Structures are given as structure tokens and as C-alpha cells.
Amino acid sequence: MLKKRIIACLDIQDGRTVKGVNFEGIRDAGDPIELAKRYVDEGADELVFLDITATNDKRKTICSLVEQISREITIPFTVGGGITTLEDAQAVIEAGADKISINSAALRRPELIQEISNCFGKQCVVVAVDIKKIDDEWIVFSNGGRVSTGRRAIDWCIEIVTLGGGEILLTSMNNDGTKAGFALDISQSISQLVTIPVIASGGAGSIQHFKELFTQTDASAGLAASIFHYQEIAIPDLKNELKKSQIPIR
Amino acid sequence: MIALIDYGAGNIRSVQNALKRLGVESILTNRPDELRSAEKVILPGVGEASFAMNQLRENELDQLIPSLTQPVLGICLGMQLLCTSSEEGDTQALGIFDTVVREFEPVLNVPHTGWNSCSIKSSPLFDGISSYDDFYFVHSYYAELCSNTIATCDYIQPFSAALQKDNFFGVQFHPEKSAEIGAKLIQNFLAL
């Protein structure tokens, strides 16, 4: 049976993890490779590395980090942040990333999804969609959530599938950082609407929240960053609890 | 020496990295002499079937591969290319495994993406691996079940997760991305 995925996200700045971590046994808490290896050992199903300050001159930094990650990490990983062209995607994929994630660049120029998909296959194109609920309607935001596109989430997600996107990483800005749980309604609406996997993100604060996500929606995966960084939830505990609730988990 | 067949397919670096983590060096080559003399041969692959077959034909690897006598492992598209044919690009494949590759009916999400377990027949490739263990899959086409099937996975319908005929092995999943259990399978292949 296909398992629900638990995905840990690492925010990267200048080749280092941004959020401080207090893991015992890791010599250098800011080293993304050490943290990533810890997540793999704990049973994370996939990793996402988000380069939050990506600019052109920093592209080389991220590519050399991706090469290192791909040497050390034994599970699939996605790299996102600042990928705006097919060439950017190619550099990161050739460095060893299994998937790339694009966001604002795809909103500015939707054909980018198609270009990367045609070149490397749709399985490696993750489209990140940041959404906010405004007057009962979920609207897509770009530029790290600063700019409203005015587009409805469901319309953009349908277009993503049509263009050859392989997965949707759906982040609810209303829930992100609240630790009050995932946005279940829109996660379910989008999961039912599209024929590609939906990764729900934003709001995870407890094991119960993942349980709700996987029992009340058809989302394929749940993603979190800080609760794993700070070990508020240990991945082995999370997976054991989900298994006890009969949720298919590796 | 382990040889990875070089035919312009993606995903070769991650297979090489997986071998390196096991302390095994490999070469990437399309030279017949190097492939014939290699201890083991791996046919990796992420990409499109008809394009990949054309790449193999251009280097006459479509003739060479079936004539190899050492253990050969096809991974993902590499496994599919060892089958008789593929619906992807209406492709005539290498014809080692007695089965055909078809496209999933999209009644669930396609590609089949993520960790899934297999029901395993006894095979040295799966030594120490059980039907409770999960491997990482990502594919939109599947090989039908046949007499060469040594592991069956069920997604949308039962399909061949692994195949074996004589010295030829194939896995639909990505052992190089399947954490320790994937490393175990690669070790089993190397120990053949």
C-alpha cells in the first residue's frame, strides 16, 4: 500500500540551515547535511531544501551543497528557492536534486512548468503554491507571500496539472507558523481536484494535526520545518502514532 | 569493476553515489569491451522510453546488452527497457523479460509517487528484505505481471516491482533512493 509521506523542510541561507537547532550529537547544528542525515535516520520520507536567499551569484553555493547532499542522502530530496529559468532547474538537477520546486517564477511565466517537465519529466517538478483565505476564497500569493495574484487557488492548481506539474506543495499562509493545524478544507479540495500528489504545508504543531490531515483529506504528504528542527515533534514518535491510527506510514 | 551503462539517461549520479556509499567504485561507459569485462552491469534510467531506446541503438547497445552474461540490473526505466515493449512512445524494447510495459489508468494519482511495499518471491536480490519493507517508487508506466516477476507491488493494479530472468534483474523502484533497505538490495546485487 502506498504510504503517506512525512517531509521535513530545511531553510538554507548561504549554505547553512537558518533556524537554530539543538540536536544532541550533531557537531554543527547549522550544517544542513548533518541535520538532513539526522532526519533520514529518524525516518523522514523526503526532504525539501529551501534556499531562502537565492540569487544568481549564490547559485553556485546551492549547487555545491546539492552535490554534497546527493552524495550523503539516501532518500529523495527537492531543492527550491530562486529557480526562475530552465537553466536554473537544470543546474540543480544535474547537481543531484531529485526534484525542483518553483513558485513565483511559475506564476510570472507558467510555461516554465512545461519546459522543465518536458526536459526532465513531470516527476521532478514540484510547484509550490502559497495561498491565503480572503473573504471565503483561497487566493494565490507570490513573492514569498507578499503579493496577491488575485487568482483562485483551485484555478491555478488545475493549470499546474495541465502544464505538466508533478506535485503541488500547498502552503496555507493563514496556518503557517500558527501550530494550529493544517488547512484541511483547501487541502482536501485541491487533493480531490487534481490527479497529482498534494503536499500539505503550514500549521503543523502536533501529531494530532498530521492525523487529521491524513484521515480527513486525501493529501499525499505533510510537510513541516520548525517543529522538526526544534524537536517539538520527533519524527519516529510521529510515525509510530500515525501507524497506531491505521494510517499507512513507512 | 561495476559498470553503469552510459546512454544519456538521467539519475546516473545518484546510482553512482549509492555505490560509493557502499565503498564500491563504478565506471560510466558505453564501450562494449568495458561492459563485457565488468563484474556487474547496471542499466539506470529516468526518462522517456523511445528516446532511451534510440540512444541505446545509436551505440549498438541494444545488441550488446542481451548478450551480457554477468549479473545485470535495470533500474526504473532501465528495467522497463529490458521488457518486450512499452506503450510509452510505442517502443520496441530489449525483450529479455517476457512482459510488456503499459501506462497506468489515472484512477489514482499518476505518477505512482512515494514509498510502497512489495510482495516478494524468494530471490537472492531480496535476501534479508521482507514484504513489510518499503521502497521509493516514481513512475507512470508499469510492467505487467509475468513468469519473471519476483516482486509484486499494488497501486491502481498489481504490477511487477521486480523481475528476474537468468542473469538479468530489474527493479521498478529506486533502490538508490530507498534509504537502508535500498542499500541492502544493491548490496545483494553486488554479492551475486
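Highlighted here are the strands (runs of 3 or more DSSP E) found entirely within region B:79-192 that include at least 3 residues which are within 11 Å of chain A (Cβ to nearest Cβ): B:112-117, B:134-139, B:149-155. Of the residues making up region A:219-250, those that are crowded, with 18+ Cβ neighbours inside 10 Å and part of a loop (DSSP other than H, G, I, E, B) are A:A219, A:S220, A:A225, A:I233, A:R250.
Per the listing A:F210, A:F214, the residue uniquely more than 14 Å from chain B (Cβ to nearest Cβ) and either under 21 Å from B:V107 (Cα atoms) or under 16 Å from the mean Cα position of the chain (by Cα) (or both) is A:F210. Being of a type in the set (D, E, K, R), surrounded by fewer than 23 Cβ atoms within 10 Å (Cβ to Cβ) and within 14 Å of chain B (Cβ to nearest Cβ) is a property that does not hold for A:E87. When the residues of region A:162-178 are filtered to those that are over 30 Å from A:E232 (Cα atoms) and out of contact with any strand residue (DSSP E or B) (no Cβ under 8 Å at 6 or more places or on another chain), the one that is nearest to the other protein chains (Cβ to nearest Cβ) is A:T162.
Each reported figure results from applying straightforward, stated rules to the coordinates on display, with no laboratory input. Here the structure is a predicted model, which means the values were calculated and not measured. FYI the Cβ positions are ideal-geometry reconstructions off the backbone, even for glycines, and counts take in every protein chain you see.
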